Structure formats: structure tokens, C-alpha cells
Amino acid sequence: FVYINSDIEENWQIIEFLGLIAEDVPGVLFVGLKKHFKKYKAEMKEITKAEIISFVQSCLDGKAIPFLKSEEIPDDWNTKPVIELVGKNFEKQVFDPKKTTFIFFYAPWCEACQKTMPEIEKLGELYKNKKNLVIAKMNSVNNEVFGLPILDVPTIALFIKGSKKPIYHTDDERTANNFSEFIATNLEKNEENSMKKDEKERKKEKTNDEKKQLKDMNKEEAKSKDEL
């Protein structure tokens, strides 16, 4: 159990990181760290020992619903070259099987994010006519995605169509040209892997067909011997 004093100004960075606002204080939050970073917010009129025990037990039993932060979807979220994602529309957009998404996770107070944002805008202009490739950004302070904790900013990731597994950009250079190379390289690798997978499947199918053909021939041969 951890107690955070909200009267201390320095503690608010932690409180906000956990997704709480002033109206939530005082409050109780359960944080699970085993497989995924999950948060559960207690809904109780009065904080009592009995209520806390009941709440914690519901979290341990898997009955509580995880709490994820999300802003409302902006009216113009997809009208610009760099679309603005929030928690509520992240999965529908990023996990679209027909589109590849390059996404920039940022925090408004992050200086490195502020320096990188113009390069993200340039990248958006570069790819704005590509229907199957989307350039996006998301405020990771106010929005969360289940199973994808953003613990550092800026975080830059590529979700290739058909995959829910992010490929992270780890290069220290954060320019539009570098991002473009990152996208092209990983799309090329994905294409090569797909071709290898298809070739492997074709060989496997051919081998199975040959085995079946040989089996049928042996059956016919055995049948002919029996007839003789």
C-alpha cells in the first residue's frame, strides 16, 4: 500500500500520471504490474476499511474493470496530415488490418517532444496522400491503451497492417527523413518476411500433396496385388 499526499505539489506529477484529477482526491487506486500495467479506480462514497478490502479483493479476483484515461475524440481528429488519436479511438484506427500506422506518443510538457513535433508534421505532409499509411500522434499523458504502457516520452512506434505488435523507433535522430527511412525499412522487412512465409507454406503444401499422391499410389498398388 502506498500513500501519496496530494497537498504536496511535487506529488501531482505522479497523481496525474496515474490518471487522477483533483475531483478524484481523496481516492483509492489499485495498480497491477504483473503482465500489464493495469489501473483500477475505486468508486466509493466513503473511504472505509471495509470498502477498501472489498475493492482490493474485486481487483485480485479479476472482477473489477480496468481504468484507462482518454480524452474525447476531437471533431477534426482526422482532417489533418497528422491525425490526433485518443484512448477511445486508438484501437479502431491503429489495429485497422488495411492500414499501417506510424504514431508519435508525446507529453505537452516534454521539450524533446516539442522539438520533434515539427518533424512529425513534415512526415505527415510527406505521406498525406498514402491511403494505407497513417501518421498519427497521441497525448500519452491524457490517454492510455490497454497492454501498451507508455512510460517514456517521446515514444515512436510503427504498427504494420495486420499486426498489433509495435516496432519502436530507437534511433537518436528524430527527423522526417529518418522517420521515413524507418518506415520504408520495416515495411520492406515485413514484405520479405511475408514472401518467405508464403514460400514456406507453398513448399509445405507441395510436400503434403506429394505425400498424399504417394500414399494413393501405394494404395492402388496394394489393391492391384490383392486382385491378382
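The values are calculated or read from the model by the stated rules, or taken from the named source; none is laboratory data. Because the structure is predicted, anything quoted here is derived from the model rather than measured. Cβ placement follows ideal geometry from the backbone for every residue including glycine, while neighbour counts extend to all protein chains displayed.
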Kindly establish whether Asn178 is modelled with pLDDT of 95 or more, among the polar types (S, T, N, Q) and within 25 Å of Glu191 (Cα to Cα). yes
How many residues of the range 58-75 are without any contact (Cβ under 8 Å) to a residue 40 or more places away in the chain and either of a type in the set (Gly, Ala, Ser) or touching a Gly at 6+ places or on another chain (Cβ under 6 Å) (or both)? The answer is 3
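Rundown of residues vs (1) farther than 30 Å from Trp12 by Cβ; (2) under 20 Å from the mean Cα position of the chain (by Cα); (3) not in a helix (DSSP H, G or I), yes/no style:
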residue	(1), (2), (3)
Leu126	yes, no, no
Lys130	yes, no, yes
Lys137	no, yes, yes
Phe146	no, yes, yes
Ala157	no, yes, yes
Thr170	yes, yes, yes
Glu173	yes, no, yes
Phe179	yes, yes, no
Leu187	yes, yes, no
Restricted to the range 89-114, and to residues that are of a type in the set (Lys, Arg) and in contact (Cβ under 8 Å) with a residue 24 or more places away in the chain, which residue is surrounded by the most Cβ atoms within 10 Å (Cβ to Cβ)? Lys99
Would the range 66-76 turn up any residue that is among the β-branched types (Val, Ile, Thr), under 21 Å from Ala176 (Cβ atoms) and part of a loop (DSSP other than H, G, I, E, B)? no
Test Phe1 against the stated conditions and say whether it is surrounded by 15 or more Cβ atoms within 10 Å (Cβ to Cβ), of a type in the set (Phe, Trp, Tyr), more than 22 Å from Asn139 (Cβ to Cβ) and without any contact (Cβ under 8 Å) to a residue 40 or more places away in the chain. no
Of everything in the range 1-60, what is outside any helix (DSSP H, G or I), within 28 Å of Val86 (Cα to Cα) and β-branched (Val, Ile, Thr)? Give them in sequence order. Ile4, Ile21, Val25, Val28, Val31
Checking Phe67 against (1) out of contact with any helix residue (DSSP H, G or I) (no Cβ under 8 Å at 6 or more places or on another chain); (2) at pLDDT below 90; (3) surrounded by fewer than 15 Cβ atoms within 10 Å (Cβ to Cβ), only one condition comes out false. Which one? (3)
Among the residues of the range 192-199, is any surrounded by 10 or more Cβ atoms within 10 Å (Cβ to Cβ), over 25 Å from Asp96 (Cα atoms), modelled with pLDDT under 90 and not assigned by TED's automatic domain parsing to the domain that holds Leu18? yes
Test Ile53 against the criterion of being out of contact with any Leu (no Cβ under 8 Å at 6 or more places or on another chain), free of Cβ contacts under 8 Å to residues at least 60 places away in the same chain, surrounded by 13 or more Cβ atoms within 10 Å (Cβ to Cβ) and among the β-branched types (Val, Ile, Thr), and give yes or no. no
List, please: which pairs have Cβ atoms under 6 Å, are six or more places apart or on different chains, and start with a residue in the range 146-160 that is more than 20 Å from Leu33 (Cβ to Cβ) and end with one that is among the polar types (S, T, N, Q) and surrounded by fewer than 19 Cβ atoms within 10 Å (Cβ to Cβ)? Leu158/Asn186; Ile160/Asn190
Within the range 102-124, the residues that are within 17 Å of Thr175 (Cα to Cα), aliphatic (A, V, I, L, M) and not in a helix (DSSP H, G or I) are Ile103
For Val134, indicate whether it is in contact with a Leu (Cβ under 8 Å, 6 or more places away or on another chain) and either modelled with pLDDT of 95 or more or not assigned by TED's automatic domain parsing to the domain that holds Ile160 (or both). no
